[in-house]
Amino acid sequence: MGIPHWLAHPTTIDRDLTVAATDDRFALSPHTLARCTQEGITDLFAVQAAVIPVLRAAHALSRLRQHVRDLCVSAPTGSGKTLAYVLPIVEKLRQRLVVRLRALVVLPTRDLAMQVKECFDRFCLGTDLRVGLATGDVSLAREQAMLVETAPVRVGGASKVDILVCTPGRLVDHLATPNFSLQHLEFWVMDEADRLLGDAYHEWLPRVQAAVETARPAEPSAVPVHDACTVRDPLIKLQLLARPAPRIQKLLFSATLTQDPAKLARLQLTCPLYIAIAHGPGTFSFPATLREHYATCEPRDKPLMLLYMLWQRRVAGAVCFAKSLEAAHRLAQIVQAWAAQVPDANITVAEYSSDLQAAERSRIMHMFRRGQITLLICSDLIARGLDVGHVEAVINYDVPTHMSQYTHRVGRTARAGR
């Protein structure tokens, strides 16, 4: 299976491009512009400037029941991909009259889902839009009560939310929930799409696609155009005159979008448009403001090298990546023991891992963002997508085994032009 033409010929955008949020091509409402101003956003970055006009134009086509194109986006980590789909989705749905599940955003981890949900909350403030979260942090019964009316069972479902941010496993759990329906879905976003299409997540996609197909209204009977005027059945004539059923627009975002045609074929994309943020030669892209350094030493000297950087170079506000949970735990113990013996170092260390409860991870991340923790030691749990804030440095204590892993790690710093 060869690479599709659309994938081999992307629409490329200069990564240094910035455009004022008030530019007419974005057609953002005064409410959204006011929210952008309150968030300190005056200019939109390259990925946002490329994606938002495409989605806004698709919205106009959808009102005419014309087919819209699916969208695949490849952009560096920290380039603002989340806002590229949050703004147009909010703009499209903010005028809705009845609460229906119209936008589905799927992410690979709970932490990412919580972050995206918070972003939607900020830009839905002042509207009637309701945003839900389904990650498994609470019981299934409690999530069901937050997402749908539990009784009576209604045709077309009874959603309490317009936008659902979720993880794949929890989404599959809710497919069997009474009154949970994908019938009214307009947007299906897959953020960190390459990971969602990986082998570890291979079961969720066909099950969700089957649920989408089941929920869609039946298509009218096929009648040749030249026979349309001679059809005697009045019901068939009405079907021919009716507008075609709306189609779900699929939106894929990733820093390292897969080039595997077989994986992309599983998505059943319709006339996809591929937008790539240009980054010069090579396969992987990095933030323009990123500066990279390396130090060589014997493996046994790696802890000493890290302590030297923390003490002599005064590295602070840093995220340190180890190769596994066990390695991160051992390293955190070493640094914590050293920091306890050298109080003048003024270093506060915390381990951040998937073994921690969600509430504990949130507490640690909150302290790190406030500067109360100066060094966060972890595995690749937060190497994807999380906007940690003002990360001054990323330390690859254990060298990643693949370039894509390195891309996601270093993307925790130099984010959004910082």
Note to self: I'm checking my understanding of the structure. Among residues of segment 174-193 that are surrounded by fewer than 20 Cβ atoms within 10 Å (Cβ to Cβ) and aliphatic (A, V, I, L, M), which one is nearest to Leu93 (Cα to Cα)?
What the structure shows: Leu175
Note to self: Name the single residue that is nearest to the chain's Cα centre (by Cα) among those in segment 186-217 being in a loop (DSSP other than H, G, I, E, B) and under 12 Å from Val106 (Cβ atoms).
What the structure shows: Glu192
Check: Is there any pair linking a residue in segment 295-316 that is in contact (Cβ under 8 Å) with a residue 24 or more places away in the chain to one that is not in a loop (DSSP other than H, G, I, E, B), with Cβ under 6 Å and at least six apart or on different chains, and which?
Finding: Pro303/Ile334; Leu307/Trp338; Trp311/Ala345; Val315/Met309; Val315/Ala393
Next item on the list: Determine which single condition Ala50 fails, assuming it passes every other condition in (1) more than 19 Å from Thr22 (Cα to Cα); (2) of a type outside the set (Lys, Arg); (3) in contact (Cβ under 8 Å) with a residue 60 or more places away in the chain.
Entry: (1)
Margin query: Just to verify a result, which residue in segment 17-39, among those that are surrounded by 13 or more Cβ atoms within 10 Å (Cβ to Cβ) and at pLDDT below 90, is farthest from Val90 (Cα to Cα)?
Written below: Leu17
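Sort through Pro53, Pro108, Pro10 and tell me the only one that's crowded, with 16+ Cβ neighbours inside 10 Å, in contact with a Phe, Trp or Tyr (Cβ under 6 Å, 6 or more places away or on another chain) and either among the β-branched types (Val, Ile, Thr) or under 29 Å from Thr167 (Cα atoms) (or both). Full working, then the answer.
On the way: Pro53 fails: in contact with a Phe, Trp or Tyr (Cβ under 6 Å, 6 or more places away or on another chain); Pro108 fails: in contact with a Phe, Trp or Tyr (Cβ under 6 Å, 6 or more places away or on another chain).
After applying the criteria, what remains is Pro10.
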Notebook entry, point to check: Among the residues of segment 328-364, which ones are outside any loop (DSSP other than H, G, I, E, B), within 28 Å of the chain's Cα centre (by Cα) and either more than 15 Å from Leu376 (Cα to Cα) or of a type in the set (A, V, I, L, M, F, W, C) (or both)?
Noted result: Ala328, Ala350, Ala358, Ala359, Ile364
Margin query: Which residue is surrounded by the fewest Cβ atoms within 10 Å (Cβ to Cβ), if the candidates are limited to segment 120-173 and must be in contact (Cβ under 8 Å) with a residue 24 or more places away in the chain, β-branched (Val, Ile, Thr) and more than 30 Å from Thr37 (Cα to Cα)?
Written below: Val153
Margin query: If I ask for residues that are exposed (fewer than 14 other Cβ atoms within 10 Å of the Cβ), of a type in the set (D, E, K, R) and closer than 15 Å to Asn396 by Cα, which ones from segment 299-329 would you list?
Written below: Asp301
Margin query: If a residue must be over 30 Å from Gln312 (Cβ atoms), surrounded by fewer than 16 Cβ atoms within 10 Å (Cβ to Cβ) and not acidic (Asp, Glu), how many such residues does segment 357-371 contain?
Written below: 5
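Out of Gly136, Gly169, I need the residue that is more than 18 Å from Leu83 (Cα to Cα), of a type outside the set (Ser, Thr, Tyr) and part of a loop (DSSP other than H, G, I, E, B). Which one? Reasoning before the result, please.
Details: Gly169 fails: part of a loop (DSSP other than H, G, I, E, B).
One residue alone meets the criteria, Gly136.
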Margin query: Please go through (1) out of contact with any Leu (no Cβ under 6 Å at 6 or more places or on another chain); (2) closer than 23 Å to Cys124 by Cβ; (3) modelled with pLDDT of 90 or more for Ala50 and return the number of the only condition it doesn't satisfy.
Written below: (2)
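The values are calculated or read from the model by the stated rules, or taken from the named source; none is laboratory data. Keep in mind that what you see is a predicted model, and the values were worked out from it rather than measured. Glycine also receives a Cβ, built like all others from the backbone with ideal geometry; neighbour counts cover every protein chain displayed.
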